[in-house]
1. Name the residues in the range A:403-435 that are over 24 Å from the mean Cα position of the chain (by Cα) and within 25 Å of residue A:330 (Cβ to Cβ), would you?
2. Assess whether residue B:37 counts as being more than 10 Å from chain A (Cβ to nearest Cβ), at pLDDT below 90 and exposed (fewer than 15 other Cβ atoms within 10 Å of the Cβ).
3. Given the condition in a helix (DSSP H, G or I) and without any contact (Cβ under 8 Å) to a residue 60 or more places away in the chain, answer yes or no: does some residue in the range A:24-32 qualify?
4. Checking the structure you have, find out if any residue of the range B:118-139 is under 30 Å from residue B:88 (Cα atoms) and in a helix (DSSP H, G or I).
5. Go through the range B:48-87 residue by residue and tally those that are at the interface with another protein chain (Cβ under 9 Å from one of its Cβ atoms), outside any helix (DSSP H, G or I) and modelled with pLDDT under 85.
6. Check residue A:214 against each of (1) surrounded by 17 or more Cβ atoms within 10 Å (Cβ to Cβ); (2) at pLDDT 85 or above; (3) closer than 17 Å to residue A:23 by Cβ and name the one condition it does not meet.
7. Determine whether residue A:293 is surrounded by 21 or more Cβ atoms within 10 Å (Cβ to Cβ) and either more than 10 Å from chain B (Cβ to nearest Cβ) or in contact (Cβ under 8 Å) with a residue 60 or more places away in the chain (or both).
8. Given the conditions (1) within 15 Å of residue A:69 (Cβ to Cβ); (2) at pLDDT below 90; (3) touching a helix residue (DSSP H, G or I) at 6+ places or on another chain (Cβ under 9 Å), and given that residue A:117 satisfies all but one, which numbered condition is not satisfied?
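The values are calculated or read from the model by the stated rules, or taken from the named source; none is laboratory data. Quantities reported herein were computed from a predicted structural model and do not represent experimental measurements. Because the Cβ atoms are built from the backbone with ideal geometry, glycine has one as well, and the counts that use them run over all protein chains shown.
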């Protein structure tokens, strides 16, 4: 029973944080089914992260924190109900409203679950499980969302969460009350201010990771035109690599600041790698993703520990880390979305010119070239504003048997040009993400230096 | 593990991994994965065609002519082609540039000795031309050598270019048959005019 309760609370923490990016692979389907604009669909992601970021700290207020069982149970129940509402949303506006409510419930669920997990397993293991569940949930969200979207529908993402969350409500109520922590007297609470440095680093990393978790899946599905399932399997490298971070850290036993710094460097390097793919072959994303996942695993949980370490009340400091990370995601989306949208629009002209060049020079009879050019023109006009699917233009083309090979080669070459144009359009956004990760690395250095000065002063 | 190793091992490993991944990506062409850049329209390029006869010659002339026109208009060949395809009506500058480009293309092929003898064009043009049977038969009766001597291909094509309604063709680029028909009609017309001129000169 004890184990089941712990498992359900852990899964709930993972789900709440997975929801931050779980719908990324479902966005194209939502766009079509709910007849929404790109900006509206982006708000399905933004609204959740914004509400979670804004309400995490208020959810950890002393009066609320005093009743962790109730706090967690109500939060999880609201999260479950809102997830069901998301699945049933008939319009994009309703879906965004449901996502806000889901995040609100999620904020209370996270704070309450932390207290309950500490009650179940003690301070060290409880916090460690809570942090790990969050990291794995964040990294695995897009994978789970993509597989469910491909296998069933985008609604399945939300429906699948309901039973886990619903079962977690009685599980939360079943945990024995936690005795008030001795450190929670008003004076001590006032002296434990939030750790600004680590939370700023967390926010910057959250913004940088947006490039990997959000832009990469968009590149795979919208840009390189893979199915959500293929994209989901591809991005599963990130959570797998994140899981490898702990054993690596245990092996090398670096100081915490060094571990975070190395994590930031790996995230930055991974994003640079994603910005420079030699082709649209999925294998070229594996090594950069592994760097990002390893960096995420090394930095995010260590930052969360450091921000909470020895600080009371733990729930409030945990809430600050949640708030920093998810507001960072919102900033990341706000900064990167206009950049890659503008770059995608700017990529249209060079892509069209490259397609024109290849068609003009194709080893085909002139009549076939003109027919193909006409069909391509129609397809490009129909699909303006999105990365076009050119196969339709070739489907109706009737050519002599001896020209079929040339037509196949031309189709592959045109797809390659689209891949090139789209990959180039994402480059700046990845590099900005890498810049944010390097900025996070800088804050680690500044925080470490400030800490050393403070320690020296207190010794003096 | 020594404190120094604890301090340096992970950052060292991270740096090595980042450098390794970025290095392999760049070495494999990561920095150059971008769309094909349009070639400079003012730089000569060789053109070929998969088609024979007038259709093949027309394609070669159009490819060279559009290149020359794009160079005159200071745009790429692809940009000009897309502009012409997307506009309802070509501008006067585009019409003039394309006509001059086609004339330059004829000259270029003539300089390269790449033009077919006019008798080949005449045969094909007569096959599809709506011409008085007597006139057609009279032209067919002429030996190829007479036609080739009397009608230099360069002159026929230059006359054909002058006869072409470039504006109408550019307004309807989608219709490949219309373009070919227009060229064939222009060739026949040029042959007739050229023959008429020659006969008039003889008389």
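1. none
2. no
3. Taking every residue of the range A:24-32 in turn, at least one turns out to be in a helix (DSSP H, G or I) and without any contact (Cβ under 8 Å) to a residue 60 or more places away in the chain.
4. Checked the range B:118-139: at least one residue is under 30 Å from residue B:88 (Cα atoms) and in a helix (DSSP H, G or I).
5. Result for the range B:48-87: 4.
6. Unmet condition: (2).
7. Against the criterion (surrounded by 21 or more Cβ atoms within 10 Å (Cβ to Cβ) and either more than 10 Å from chain B (Cβ to nearest Cβ) or in contact (Cβ under 8 Å) with a residue 60 or more places away in the chain (or both)), residue A:293 qualifies.
8. Here residue A:117 clears every test but (2).
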